[in-house]
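S.K.: Have a look at this one before I ask anything.
Bear in mind these aren't lab numbers, they're just calculated from the coordinates by the rules spelled out. The model shown is predicted, which means the values in this text are computed figures rather than measured ones. Heads up, the Cβs are rebuilt from the backbone with ideal geometry, glycines too, and the neighbour counts pull from every protein chain shown.
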């Protein structure tokens with residue numbers, strides 16, 4: 001996480017220890033972030049002590065092995081968690097079910113955030129083609145860069 005000139009590097013910890021460290025940083029007035037895995041394919045991030053007008057840059061990196069199907073490799077990076085439902089009333093729901101609310105912007109509203117993605121491909125064989133059907137892209141070398149969303 002980068003806030004202004006301050007760089008905060010993540011450390012992987014057990015859930016309880018990470019939450020405790022985040023809570024301590026927040027109560028001390030420090031800028032902090034906490035990435036939590038809610039389900040195997042769903043993550044959420046909390047941030048604390050961000051001043052109005054501050055620009056926050058969050059960078060996530062991970063590696064994934066792609067296995068071809070019919071000689072085609074496919075990479076899908078979901079940027080939105082679709083509506084999820086819980087049988088628990090929100091007030092009494094455990095933390096693992098409280099995140100299911102899907103905030104959305106009313107139609108015609110301007111997004112308040114920006115999203116960029118860069119993919120670097122390391123292949124053992126030459127690729128014949130790189131195609132992205134969902135977004136306009138810049139393809140250079142073996143890296144794909146999606147232009148920032150508005």
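S.K.: How big is the range 1-60 along each principal axis, measuring the range of its Cα positions in Å and listing the largest first?
M.R.: Cα spread of the range 1-60 along its principal axes, largest to smallest: 33, 24, 18 Å.
S.K.: Which length gain, in nm to one decimal place, applies between residue 7 and residue 36 when the Cα-Cα distance is subtracted from 0.36 nm times their residue separation?
M.R.: This chain segment gains 8.5 nm when fully extended.
S.K.: Also: Using a basic spin-label model with each label point 7 Å from the Cα along Cα→Cβ, how many nm lie between residue 15 and residue 55?
M.R.: Between residue 15 and residue 55, the simple spin-label model gives 3.6 nm.
S.K.: By average Cβ neighbour count within 10 Å, what is the ranking of 29-38, 116-125 from highest down?
M.R.: Highest-to-lowest ranking by the protection proxy: 29-38, 116-125.
S.K.: Simple spin-label model, 7 Å along Cα-to-Cβ: residue 132 to residue 23 in nm?
M.R.: 4.1
S.K.: For a quick check: sort 137, 79 by the number of other beta carbons within 10 angstrom, fewest at the front.
M.R.: 79, 137
S.K.: Sticking with this one: Mind ordering 57-64, 17-24 by average Cβ neighbours within 10 Å, highest first?
M.R.: 17-24, 57-64
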